[in-house]
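S.K.: Got a structure for you, questions after.
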Amino acid sequence: MRFTFDIDYAPEKMAASAARMAARERFQYTDRVPVGFCLVPRYFAPLFGMRYCDYFTDVETQFRMQLEFAKYRIEHVPEDTACTGTTLYVAPYFDNVIEADALGAQVVWPENETLQSLPTIHTVEAMEAYEVPPPDAGLWGRCAAWWLRMKELADETRLTFNGREGHVDVGLLGISGMGPHMAAVDLVGTDFYWWIVEYPEACHRFLDKITTAMLQAEAWFRTIDTRPRGGFGLAEDTAAILSAASYREFVLPYDLRLYDTLGAGLRFGRGMHMCGDSTHLHAVLRDETRISSFDIFGYMVPPAVAAANLGRHGVALWGNINPMLMLTGSKAAVLAEARAALEAMAPCGGLLLGDGANVCPGTPLENLAALTEAAEAYGVPVLSAP
């Protein structure tokens, strides 16, 4: 075997987490609310004394480090999403720039920061001349090649849990879920916000091209990885500052096109992630986008508001403790905020308690553990009537 990993984690813990996550899908709970974090590779790199840029050196390095990070996470962070069975999943990972790079933005690869995209379209005329890229453009093509290589590496890896045989597999191959509006802002920059006012029809044509490119890429990915999908999620962080009217005009039609094509009939339906204060968009997300889950949503949304606007209407919530409080606050403060979030959102059913959104590098383990401790102390919520 090329790689060997043994993880110190008990089967009964896996089973308990699996039961909690399965109950959440039914908007129920077992012994407590499940806990899950947005813990990305940038969090783990300093813990392993490595430069973050080295994580992207080659596919074998990334494959090995993903399993190293997973081992650390499972053994040190009490949560329910990281390990619900003896199969661990890896996948090609390039922060949030996969779509931006494939669609033509310039990507900056810092030494110890997340990958960043820089605009390459600076005039409306250039936007109008934009051409839909092929499905294997840029990082889309690299993701497909790395996915195939990771499949081979998984067959050369032995994984055990306290000596009990496990298995490494590669996650579903597909577009990363950055929405069309996010991609437009990546390509144009903040000028896109005033272009939608001054040149709305040109912006619609541009968004249509981006959406077409995403659909073509996903269709291509699904010829390579033919396994069934359980759901489809989008992120529209850049749209949170739009008015509800602008959102309806410049985000909703393109998201619906993706959801209706890629998420129709899927068990987990339509997931949405949005950082920032999205309160003014909740009615659109609930009634017009018809999301089924609001995932690791921004801490600026008060939990009681998320519950009233979404949770009580059948939208599963995942969030939303302030990441900066988790980074610099006391454990007592994190416990208090987690308790308040539980009291507001858990009675709706379907809550996954977590950060809101993205755990910062350097966040103390005790502050991560505080969320599970709060969930254990809170116990089994009494479900409120919808």
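What follows is calculated from the coordinates using simple rules that are stated; it is not laboratory data. Since we're looking at a predicted model, the values are computed, not measured. Cβ sites come from the backbone with ideal geometry, for glycine too, and all protein chains shown count toward neighbours.
S.K.: As a footprinting exposure proxy, order MET300, MET214, MET182 by other Cβ within 10 Å, with the fewest listed first.
M.R.: Fewest to most other Cβ atoms nearby, the residues stand as MET300, MET182, MET214.
S.K.: What is the total of Lys pairs in the range 3-378 with C-alpha atoms under 27 Å apart, excluding same-chain pairs fewer than 8 positions apart?
M.R.: 4
S.K.: Using label points projected 7 Å from each Cα along Cα→Cβ, tell me how many nm separate LYS151 and PHE27, to one decimal.
M.R.: Modelled inter-label distance: 3.8 nm.
S.K.: How would you order 1-8, 62-69 from highest to lowest mean count of nearby Cβ atoms within 10 Å?
M.R.: 62-69, 1-8
S.K.: Where does each of LEU281, LEU342, LEU325 land when they are ranked from fewest to most other beta-carbon atoms within 10 angstrom?
M.R.: LEU325, LEU342, LEU281
S.K.: Further question: First check a/c for the range 3-378, with a ≥ b ≥ c the square roots of the eigenvalues of its C-alpha gyration tensor; if it is under 1.5, answer rounded, and if not, answer prolate when a/b is larger than b/c or oblate otherwise.
M.R.: Because a/c hits 1.5 or more and a/b fails to exceed b/c, the range 3-378 counts as oblate.
S.K.: Please compute the contact order of the chain in relative form: average sequence separation of alpha-carbon pairs under 8 Å and at least six residues apart, divided by the residue count, as a percent.
M.R.: Computed value for the chain: 20 percent relative contact order.
S.K.: Oh, and also: Near the amide H of ILE7, under 5 Å away, which other amide H atoms are found, from residues 5 or more places off or on another chain, if H is placed in the peptide plane?
M.R.: Correct list: THR160, PHE161, ASN162, GLY163.
S.K.: Then there is this: If you count, for each residue, the other Cβ atoms within 10 Å and average over each peptide, how do 255-262, 104-111 line up from highest to lowest?
M.R.: In decreasing order of mean packing, 255-262, 104-111 become 255-262, 104-111.
S.K.: To the nearest 0.05, how large is the calculated FRET efficiency for SER330 and MET50 if R₀ is 30 Å and r is the Cβ-Cβ distance?
M.R.: Using R0 = 30 Å, I get an efficiency of 0.55.
S.K.: Can you give me the long-range amide H partners of VAL90? Hydrogens built in the peptide plane at 1.01 Å from N, cutoff under 5 Å, separation of 5 or more residues or another chain.
M.R.: Residues meeting the criterion, in which the H sits 1.01 Å from N, are ASP169, VAL170, GLY171.
S.K.: Which value in deg cm²/dmol, rounded to the nearest 500, describes the helix-derived mean residue ellipticity at 222 nm for the chain, given -39,500 (n - 2.57) per DSSP H run of n ≥ 4 and division by the residue count?
M.R.: -13000 deg cm²/dmol
S.K.: Which residue, chosen from ASN367, PRO46, MET324, occupies the Cα position most advanced towards the positive end of the dipole of the chain, where the dipole is computed from +1 (Lys, Arg) and -1 (Asp, Glu) charges on Cβ about the Cα centre?
M.R.: Working it through, the farthest residue towards the positive pole turns out to be ASN367.
S.K.: Please list, in chain and number order, the residues 5+ apart from LEU118 or on another chain whose amide H is under 5 Å from its amide H, with Hs placed from the backbone.
M.R.: It is GLN106, VAL107, VAL108, by chain and number.
S.K.: A further question on this structure: Tell me, what HN-Hα J-couplings in whole Hz come from the Karplus equation 6.51 cos²θ - 1.76 cosθ + 1.60 at θ = phi - 60° for each residue of the range 115-121, using x for Gly and Pro?
M.R.: Taking θ as phi minus 60°, the curve returns 5, 10, 9, 10, x, 10, 10 Hz for the range 115-121.
S.K.: In whole Hz and in residue order, list the ³J(HN,Hα) couplings for the range 57-65 that follow from phi through the Karplus curve 6.51 cos²θ - 1.76 cosθ + 1.60, θ = phi - 60°; x for Gly and Pro.
M.R.: Per-residue couplings from phi come out as 4, 7, 5, 5, 4, 5, 4, 5, 5 Hz.
S.K.: Sorting check: for 225-233, 113-121, which peptide has the highest mean count of neighbouring beta carbons within 10 Å, and how do the rest follow?
M.R.: 113-121, 225-233
S.K.: Please compute the length gained on full extension between ALA304 and CYS360, using 0.36 nm multiplied by the number of residues separating them and subtracting their Cα-Cα distance.
M.R.: Stretched fully, the ALA304-CYS360 segment lengthens by 17.7 nm.
S.K.: With θ taken as phi - 60° and the coefficients 6.51, -1.76 and 1.60, list the Karplus ³J(HN,Hα) couplings across the range 190-199 in order, rounded to whole Hz; mark glycine and proline as x.
M.R.: Running phi through 6.51 cos²θ - 1.76 cosθ + 1.60 with θ = phi - 60° gives 5, 4, 4, 5, 8, 5, 5, 8, 7, 9 Hz.
S.K.: Separation between the THR57 and GLN116 pseudo-spin-labels, each 7 Å from Cα along Cα→Cβ, expressed in nm?
M.R.: Going by the 7 Å Cα→Cβ label model, 2.5 nm.
S.K.: Looking only at the range 139-174, which residues have a backbone nitrogen under 18 Å from a spot 7 Å from the Cα of THR223 in the C-beta direction?
M.R.: Counting only backbone N, you get 139-148, 173-174.
S.K.: In nm, give the distance between the simple-model label positions of ARG312 and ASP169, each being 7 Å from the Cα along the Cα-to-Cβ direction.
M.R.: 3.9
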